[in-house]
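As structure tokens, the structure follows; a few thoughts come after it.
The values are calculated or read from the model by the stated rules, or taken from the named source; none is laboratory data. As the structure is a prediction and not an experimental result, all values here were calculated from the model. Here the Cβ is made from the backbone with ideal geometry for all residues, glycine too, and neighbour counts use every protein chain on show.
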Amino acid sequence: MRALTYDQHGQAGQVLRLSEQPPPAAPAAGQVRVRVLSRPIHPGDLAVVEGFPGESRQRFATPRIPGVEGMGVIETVGEGVQDLRPGQRVAFFPVPAAWSELLTAPTDLVVPVPEGVSDETAALMLVNPLTLLTLLRAVEDAQRSQAGAVVQTAAGSSVGKLVSAAALKHGIPLVNLVRSATGAQTLRQRFPELTTISTADADWRTQVRDATGGRGAQVVLDAVGGSLTGELAGLLDDGGTLITYGQLGSGSTPLESLALTPRALTVRGVSIGQWMTRTPEERAEDVALAARLAATSPELFEVAASYDLADFAKAVDHVRRPGKSGTVLLTSPAS
């Protein structure tokens, strides 16, 4: 089978390789084997390949296959599997080695694709909605039953648009931040009821202050980080919370520069990886919500482009393209 592998950390376009790998073992009891047709490239996937700050750069003894989300068709099922069948379309998360053509997955991490949901939407229907739910819970915790203004960065991203849709549904006073005037105009057309501000404007900080009633935000949802962190902390009202869930930006901000103690600010990290700590029943409820969202609001699962596994370098370049709208997919044929 074909798979994308890497044997050391580095720029994804340089260290990834398309290679032939042995297929996974036949599914054991409670498992299924899936022929993967489509899988997204998430920022977190690239971060795993490229390495996090402080990680060593030595070569790995065994090449690794990235990716944890995707969709495909079940080829075979293991003993005792009753609710899934060969030929059925499924989505999966979190299952390692998604950037391969075949994988074996436990049935509790595999979800039937609802009738009428396209393959493209199915490939995206778990991670981003589950990230949304994780963020909404973090916001609820930070607000402590006293709802105040919420500001989010990277509002034009796939997750950002889900947050905007949820804010309208739940009455969250949300202010969207994007990097460019063009991006701001596009998002205003998509969500005219919400305030959208471009950080390219010289007075963007003043605009945020005005949009939050002059007090500042109670919560900031930040997927950018880096040198922007200090600016975002400055937008918080005293006692506010900065929730960070991504590192799309560059640079860094010293923690001591944020005036955490005198202003009683909180910085909290949130990761989709924490979702697996929820109970099986809670996870099942979350997955059911994600599937309903994919079926009823496919426009929230925008695809920027699709590339065959062999064209991974072009796909990675597209992920980093300024002004990109939607998620880039890696695809492979059905047989």
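If you check Leu221, Leu265, Leu242, Leu228, which single one turns out to be among the hydrophobic types (A, V, I, L, M, F, W, C), at pLDDT 90 or above, touching a Gly at 6+ places or on another chain (Cβ under 7 Å) and not assigned by TED's automatic domain parsing to the domain that holds Pro94?
Leu265
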Number of the exception - Ala12 against (1) of a type in the set (Gly, Ala, Ser); (2) under 21 Å from the mean Cα position of the chain (by Cα); (3) within 23 Å of Thr277 (Cα to Cα): (3)
Looking only at the range 185-213, and only at residues there that are hydrophobic (A, V, I, L, M, F, W, C) and in a helix (DSSP H, G or I), the one that is nearest to the chain's Cα centre (by Cα): Leu187
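Results for (1) within 16 Å of the chain's Cα centre (by Cα); (2) within 29 Å of Thr5 (Cβ to Cβ), shown as yes or no for each residue.
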site	(1), (2)
Glu69	yes, yes
Ile74	no, yes
Asp83	no, no
Phe92	yes, yes
Leu126	yes, yes
Val139	no, no
Ala155	yes, no
Checking Asn176 against (1) touching a Phe, Trp or Tyr at 6+ places or on another chain (Cβ under 8 Å); (2) in contact (Cβ under 8 Å) with a residue 40 or more places away in the chain, the condition it does not meet: (2)
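Would you pick out the residues in the range 238-264 that are crowded, with 19+ Cβ neighbours inside 10 Å, under 13 Å from Gln218 (Cβ atoms) and of a type outside the set (S, T, N, Q)? Let's see the steps before the verdict.
Taking the range 238-264 and keeping what is crowded, with 19+ Cβ neighbours inside 10 Å, we get 240-246.
Next cut, under 13 Å from Gln218 (Cβ atoms) only: 240-243.
Matches in the range 238-264: Gly240, Leu242, Ile243.
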Any hit, the range 49-60, residues being within 24 Å of Phe92 (Cβ to Cβ) and of a type in the set (D, E, K, R): yes
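For every residue, the table says whether it meets (1) over 21 Å from Arg320 (Cβ atoms); (2) among the β-branched types (Val, Ile, Thr); (3) surrounded by fewer than 17 Cβ atoms within 10 Å (Cβ to Cβ); (4) free of Cβ contacts under 8 Å to residues at least 12 places away in the same chain.
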residue: Thr182; (1), (2), (3), (4): no, yes, yes, no
residue: Leu187; (1), (2), (3), (4): no, no, no, no
residue: Thr199; (1), (2), (3), (4): no, yes, no, no
residue: Asp210; (1), (2), (3), (4): yes, no, yes, yes
residue: Gly213; (1), (2), (3), (4): yes, no, yes, no
residue: Val220; (1), (2), (3), (4): yes, yes, no, no
residue: Gly230; (1), (2), (3), (4): yes, no, yes, no
residue: Ala233; (1), (2), (3), (4): yes, no, no, no
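Working carefully through the options Thr134, Thr121, find the one that is out of contact with any Leu (no Cβ under 8 Å at 6 or more places or on another chain), buried (at least 23 other Cβ atoms within 10 Å of the Cβ) and in contact (Cβ under 8 Å) with a residue 40 or more places away in the chain.
Numbers: Thr134 fails: buried (at least 23 other Cβ atoms within 10 Å of the Cβ).
When all the criteria are applied, what remains is Thr121.
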Which numbered condition Thr195 fails, given (1) closer than 15 Å to Val139 by Cβ; (2) crowded, with 16+ Cβ neighbours inside 10 Å; (3) touching a helix residue (DSSP H, G or I) at 6+ places or on another chain (Cβ under 7 Å): (1)
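Hey, can you tell me all the residues within the range 5-49 that are of a type outside the set (D, E, K, R), closer than 26 Å to Gly87 by Cβ and part of a strand (DSSP E or B)?
Taking the range 5-49 first, the residues of a type outside the set (D, E, K, R) are 5-6, 8-16, 18-19, 21-32, 34, 36-38, 40-44, 46-49.
Those left that are additionally closer than 26 Å to Gly87 by Cβ: 21-32, 34, 36-38, 40.
Correct list: Gln31, Val32, Val34, Val36, Leu37, Ser38, Pro40.
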Failed criterion for Gln207 (all others in (1) farther than 19 Å from Leu174 by Cα; (2) at pLDDT 95 or above; (3) touching a Ser or Thr at 6+ places or on another chain (Cβ under 9 Å); (4) not acidic (Asp, Glu) hold): (1)
Residues within the range 289-321 that are free of Cβ contacts under 8 Å to residues at least 60 places away in the same chain and farther than 27 Å from Arg33 by Cα, tallied: 7
Near pairs, Cβ below 8 angstrom, 6+ apart or cross-chain, from the range 66-84 (more than 15 Å from Gln31 (Cα to Cα)) to any residue that is outside any loop (DSSP other than H, G, I, E, B) and of a type in the set (Ser, Thr, Tyr): Pro66/Tyr6; Gly67/Ser100; Gly70/Ser38; Met71/Ser38
Among residues of the range 275-288, those that are exposed (fewer than 13 other Cβ atoms within 10 Å of the Cβ), within 20 Å of Tyr245 (Cβ to Cβ) and either among the aromatic types (Phe, Trp, Tyr) or in contact (Cβ under 8 Å) with a residue 12 or more places away in the chain (or both), counted: 1
Filtered residues of the range 30-60 (kept if at pLDDT below 95 and of a type in the set (Ser, Thr, Tyr)): Ser56
